[in-house]
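Colleague: Attaching a single structure in structure tokens format; questions to follow.
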Amino acid sequence: MPLYTPLTLDDLSKILKPYDCEPISHAHLSAGVENTNYRVRTRGRLQDGVLTVLENRDLSSAEAYAGLLARLHASGIPMPRIWRRRDGGHVSVHRGKPVIVSDHISGHCHDVLPSEFLPVAGRALASVHAHSSTDFLPDPVVRLGESDLQHIDSFSDSTFSSWLLEWHDKVCYVTEDDSLPRGLTHGDLFADNMIVTPRRDVVILDWENGANDYHVLDLGMAVLGLTGVGAIFDANRARLLLEGYQSKRVVRLSPDRLLESIIYAAVFTAYHRYLKHEIADRASGKQGYYREIPTFVDSLIARWSAVF
Ligand SMILES: Nc1ncnc2c1ncn2[C@@H]1O[C@H](COP(=O)(O)OP(=O)(O)OP(=O)(O)O)[C@@H](O)[C@H]1O
Ligand SMILES: N[C@@H](CCO)C(=O)O
């Protein structure tokens with residue numbers, strides 16, 4: 001992945017001063033595509049940190065995001081603790097870009113979550129959905145608005161544009177049903193946003209899509225993010241994820257509603273992959289990545305009844 005903001009030990013030393021620690025060593029974490037992440041070992045803190053340059057936020061949006069992370073961590077959500085500066089704030093600025101630091105979580109970040117951890121991931125998502133307050137939660141992020149839909153018309157892969165628009169038309173009603181339970185959602189529960197710890201728990205990273213949204217849509221995103229093997233939906237993996245979720249959260253899931261929520265999450269994700277890797281950043285090394293999603297949706301529809 002591209003390294004948007006290279007940082008030297010000297011840069012880190014300046015950034016970390018308000019957190020009362022001094023960097024000893026640092027290493028770029030190359031897995032993410034949106035932000036720049038470095039792991040840092042410091043004198044002053046026992047636990048390593050992950051320093052994140054929030055590449056797509058201004059200072060006030062970064063402060064709101066950091067405040068959300070701090071509140072959610074304090075309420076017991078399984079996520080890294082964000083570091084607080086001496087002056088009580090969480091955000092520093094490096095060359096005009098906002099920077100936050102969180103605890104580094106030891107463990108393993110899998111490309112494909114091994115199936116034995118799917119119930120654990122389901123339980124972790126249920127604990128997110130059990131969060132009771134909606135104070136300070138951002139508005140839904142997993143949405144395509146009018147300008148997105150107009151933009152799709154201009155994509156040079158016209159087969160893909162038609163696929164996006166047709167499916168959006170069929171399933172967008174899932175974002176408009178106010179009778180459905182809503183509350184805290186993660187909005188991007190893919191394997192690369194989870195660390196499996198040595199205690200075999202799951203810690204959830206990257207809350208950039210965190211919002212007050214429909215739980216079923218978030219569960220749909222998790223099915224999209226965790227049940228594929230290659231680009232193919234696996235009914236047994238979905239069963240394990242849903243069993244874990246339902247072991248902690250007793251809800252009646254409508255298979256049809258969940259299927260359409262997964263497809264909405266798929267349309268949203270495919271659209272953003274196209275924007276990111278085919279238009280905005282053709283050097284990301286992920287060209288053609290969006291094509292996995294229509295393949296996933298075909299296999300999902302063919303195999304969905306095997307889940308129940
Ligand atoms: N607190 C942490 N502890 C351990 N590893 C971390 C931590 N934060 C990030 N990482 C590692 O860095 C990778 C990228 O992190 P993250 O997903 O937050 O970045 P991003 O650029 O926002 O990525 P994307 O938008 O592609 O999901 C993770 O997949 C994980 O391997
Ligand atoms: N989960 C997204 C990446 C954004 O975090 C994807 O698979 O394209």
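The values are calculated or read from the model by the stated rules, or taken from the named source; none is laboratory data. Just so you know, these numbers come straight off a predicted model, no measurement behind them. Don't worry about glycine lacking a Cβ; one is built from the backbone with ideal geometry, like all the others, and counts go over all protein chains shown. Just the protein is used for accessible areas: all its heavy atoms, side chains included, with ligands, DNA and RNA removed. Shrake-Rupley method; radii C 1.70, N 1.55, O 1.52, S 1.80 Å.
Colleague: Write down, largest first, the equivalent ellipsoid semi-axes of region 115-307 in whole Å, where each equals the square root of 5 times an eigenvalue of the alpha-carbon gyration tensor.
Modeller: Details: eigenvalues 131, 70, 60 Å².
Ellipsoid half-lengths, sorted descending, are 26, 19, 17 Å.
Colleague: Based on the Cβ-Cβ distance of Gln287 and Cys109, what FRET efficiency does E = 1/(1 + (r/R0)^6) give at R0 = 30 Å, to the nearest 0.05? Show your work: numbers first, answer last.
Modeller: On the way: r = 23 Å, r/R0 = 0.77.
The formula returns an efficiency of 0.85 here.
Colleague: On a 1.4 Å probe surface of the protein chains, which of Asp148, Asp139 comes out largest in accessible area, and what is the full order? Don't jump to the answer; show the numbers that get you there.
Modeller: Values: Asp148 35, Asp139 120 Å².
Sorted descending by solvent-accessible area, the residues read Asp139, Asp148.
Colleague: Hey, with R₀ at 25 Å, roughly what FRET efficiency would Glu243 and Asp177 work out to, going by the Cβ-Cβ distance, to 0.05?
Modeller: Working: r = 25 Å, r/R0 = 1.00.
Efficiency for this residue pair is about 0.50.
Colleague: Please name whichever of Tyr19, Ala124, Tyr173 sits farthest to the positive end of the charge dipole of the chain, dipole taken about the Cα centre and charges placed at Cβ: Lys and Arg +1, Asp and Glu -1.
Modeller: Tyr19
Colleague: For Asp20, tell me the accessible area in Å² from a 1.4 Å probe, rounded to the nearest 10.
Modeller: Here the accessible area works out near 90 Å².
Colleague: Where does each of Tyr274, Tyr289 land when they are ordered by accessible area, with a 1.4 Å probe and the largest first? If you can, show how the numbers build up before the last one.
Modeller: Details: Tyr274 10, Tyr289 65 Å².
Ranked list, largest accessible area first: Tyr289, Tyr274.
Colleague: Let me know the charge dipole size of region 165-306 about its Cα centre in debye, to the nearest 20, where only the beta-carbon of Lys, Arg (+1) and Asp, Glu (-1) is charged. Numbers along the way, then the final one.
Modeller: On the way: 16 positive and 20 negative charges, 106 e Å.
With only Lys, Arg, Asp and Glu charged at Cβ, the dipole is about 500 debye.
Colleague: Now a separate question. Nothing charged except the Cβ atoms of Lys and Arg (+1) and of Asp and Glu (-1): what's the magnitude of the dipole of region 112-176 about its Cα centre? Round to the nearest 20 debye.
Modeller: Numbers: 3 positive and 10 negative charges, 69 e Å.
Dipole about the Cα centre, nearest 20: 340 debye.
Colleague: Quick one: Karplus J couplings for region 152-157, per residue in order, coefficients 6.51, -1.76, 1.60, θ = phi - 60°, nearest Hz, x for Gly and Pro?
Modeller: Ordered by residue, 3J(HN,Hα) equals 4, 4, 8, 5, 6, 7 Hz.
Colleague: Rounded to the nearest 500, what is the chain's calculated 222 nm mean residue ellipticity when only DSSP H runs of at least 4 contribute -39500 (n - 2.57) each, over all residues? The partial results should precede the final answer.
Modeller: Details: 9 runs with 114 residues, N = 308.
Computed mean residue ellipticity for the chain: -11500 deg cm²/dmol.
Colleague: Relative to the longest principal Cα axis of the chain, at what angle does helix 118-129 sit, 0 to 90 degrees, rounded to 10?
Modeller: In the chain, helix 118-129 runs at an angle near 80 degrees to the longest axis.
Colleague: Moving on to the next point. Would you please give the residues with an amide H less than 5 Å from that of Gly187, counting only those at least 5 places away or on a separate chain, with H modeled from the backbone geometry?
Modeller: Under 5 Å from the amide H of Gly187 lies no amide H from a residue far enough along the sequence or on another chain.
Colleague: Another question, if that's okay. Against the longest principal axis of the chain, how steep is helix 255-273, in degrees 0 to 90 to the nearest 10, with axes from Cα atoms?
Modeller: The angle comes out near 50 degrees.
Colleague: Here is a follow-up. Students sometimes get this wrong: rank Glu278, Glu63, Glu22, Glu260 by accessible area, probe 1.4 Å, all chains present, largest first. Walk me through the intermediate numbers first.
Modeller: On the way: Glu278 30, Glu63 100, Glu22 75, Glu260 55 Å².
From most accessible down to least: Glu63, Glu22, Glu260, Glu278.
Colleague: Report, in debye and to the nearest 20, how large the dipole of the chain comes out about its Cα centre when Lys and Arg carry +1 and Asp and Glu carry -1 on their Cβ. Provide the component values of the computation, followed by the final result.
Modeller: Values: 32 positive and 39 negative charges, 254 e Å.
Here the chain has a charge dipole of around 1220 debye.
Colleague: Quick query: amide H of His94 versus all other amide H atoms, modeled in the peptide plane; which residues come in under 5 Å with a sequence gap of 5 or more or a different chain?
Modeller: So His94 has HN proximity to Val99.
Colleague: In addition: Structure shown: which of Lys17/Lys276; Lys97/Lys276; Lys170/Lys286 lie over 22 Å apart, alpha-carbon to alpha-carbon? Walk me through the numbers on the way to the answer.
Modeller: Details: Lys17/Lys276 34 Å; Lys97/Lys276 20 Å; Lys170/Lys286 28 Å.
From Lys17/Lys276; Lys97/Lys276; Lys170/Lys286, over 22 Å: Lys17/Lys276; Lys170/Lys286.
Colleague: Show me, for region 47-52, the HN-Hα J-couplings you get by feeding each phi into the Karplus relation (A = 6.51, B = -1.76, C = 1.60, θ = phi - 60°), rounded to Hz, glycine and proline as x.
Modeller: In residue order, the calculated couplings are 8, 4, x, 10, 8, 10 Hz.
Colleague: Something else about it: Residue separation times 0.36 nm, minus the C-alpha to C-alpha distance between Ala306 and Arg41: what's the value? Don't jump to the answer; show the numbers that get you there.
Modeller: Values: separation 265, 0.36 × 265 = 95.40 nm, distance 4.73 nm.
So the extension gain works out to 90.7 nm.
Colleague: Quote the convex hull volume per residue of region 27-131, based on C-alpha atoms, as a whole number of Å³. Walk me through the numbers before you get to the answer.
Modeller: Working: hull volume 13.8 nm³, N = 105.
Normalising the Cα hull of region 27-131 by residue number yields 131 Å³.
Colleague: Given Val307, Val99, Pro255, which one lies farthest toward the positive end of the charge dipole of the chain, if we put +1 on the Cβ of every Lys and Arg and -1 on the Cβ of every Asp and Glu?
Modeller: Working it through, the farthest residue towards the positive pole turns out to be Val99.
Colleague: Any chance you could look up the accessible area of Glu292 with a 1.4 Å probe, heavy atoms only, rounded to 10 Å²?
Modeller: Glu292 exposes around 80 Å² with every protein chain in place.
Colleague: Quick one: check the C-alpha center-to-center distance for region 173-191 versus region 19-80, whole angstrom.
Modeller: The distance from the Cα centre of region 173-191 to that of region 19-80 comes to 26 Å.
Colleague: Quick one: if the Förster radius is 41 Å, what FRET efficiency do Asp87 and Leu253 give, using the C-beta to C-beta distance and rounding to 0.05?
Modeller: Working: r = 46 Å, r/R0 = 1.12.
For Asp87 and Leu253, the calculated efficiency is 0.35.
Colleague: Report, to the nearest 10°, how far helix 235-248 tilts away from the longest principal axis of the Cα atoms in the chain, using its own Cα long axis and a range of 0 to 90°.
Modeller: Orientation of helix 235-248: about 60 degrees from the principal axis.
Colleague: Here's another thing I want to ask about it. Hey, what do the phi angles of region 87-95 turn into as Karplus ³J(HN,Hα) couplings, whole Hz, using 6.51/-1.76/1.60 and θ = phi - 60°, x for Gly and Pro?
Modeller: With coefficients 6.51, -1.76 and 1.60, one gets 7, x, x, 10, 9, 10, 10, 10, 6 Hz.
Colleague: Please report the accessible area of Asp178 (heavy atoms, 1.4 Å probe, ligands and nucleic acids excluded) in Å², nearest 10.
Modeller: Accessible surface of Asp178 is approximately 120 Å².
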